[in-house]
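In what follows, a single structure is set out as structure tokens and then discussed.
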């Protein structure tokens with residue numbers, strides 16, 4: 001089950017967040033990277049308009065008890081979307097250390113320069 005929602009926290013302006021609970025836990029980097037690629041293909045590309053300046057990209061990984069397994073952030077400083085490049089940067093960060101425990105939930109947050117650069121929210125599955 002995947003949920004999509006706009007962040008209403010005023011401390012994080014103009015962001016969108018994907019929260020994906022996994023049916024089967026992910027215990028290896030290779031499966032985690034495949035799942036991230038799937039999220040970008042199925043969700044992010046459908047939401048973020050190609051010319052949108054993006055400030056930050058945050059990825060948080062959680063275990064079965066909802067504790068952090070890992071947290072990664074990219075400062076993009078208004079960079080236009082380059083999904084393949086983002087995946088490479090996330091992959092490099094993730095591969096630096098082993099996963100502390102299997103991943104049960106993935107949270108991906110995209111902080112944009114302006115909310116009008118988001119398309120309509122996709123329907124959840």
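Here, each number is a calculation from the coordinates, and none is a lab measurement. The model shown is predicted, which means the values in this text are computed figures rather than measured ones. All Cβ positions, even for glycine, are placed from backbone atoms using ideal geometry, and neighbour counts span all protein chains on display.
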request  = For residue 45 and residue 19, calculate 0.36 nm times their separation in residues minus their Cα-Cα distance, and state this gained length in nm to one decimal.
outcome  = 7.8 nm
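Give me the extension gain from residue 28 to residue 95: residue separation times 0.36 nm, minus the current Cα-Cα distance, reported in nm with one decimal.
Values: separation 67, 0.36 × 67 = 24.12 nm, distance 1.00 nm.
Gain on stretching residue 28 to residue 95: 23.1 nm.
Rank by packing, highest mean first: peptides 100-112, 74-86, with packing defined as the count of other Cβ atoms within 10 Å averaged across residues. It would help to have the intermediate numbers written out before the result.
On the way: 100-112: 18.6, 74-86: 14.1.
Ranked by mean Cβ neighbours within 10 Å, highest first: 100-112, 74-86.
Please give the length that would be gained between residue 113 and residue 68 if that part of the chain were fully extended, namely 0.36 nm times their separation in residues minus their C-alpha to C-alpha distance (nm, one decimal).
Values: separation 45, 0.36 × 45 = 16.20 nm, distance 2.72 nm.
Extending this stretch completely gives an extra 13.5 nm.
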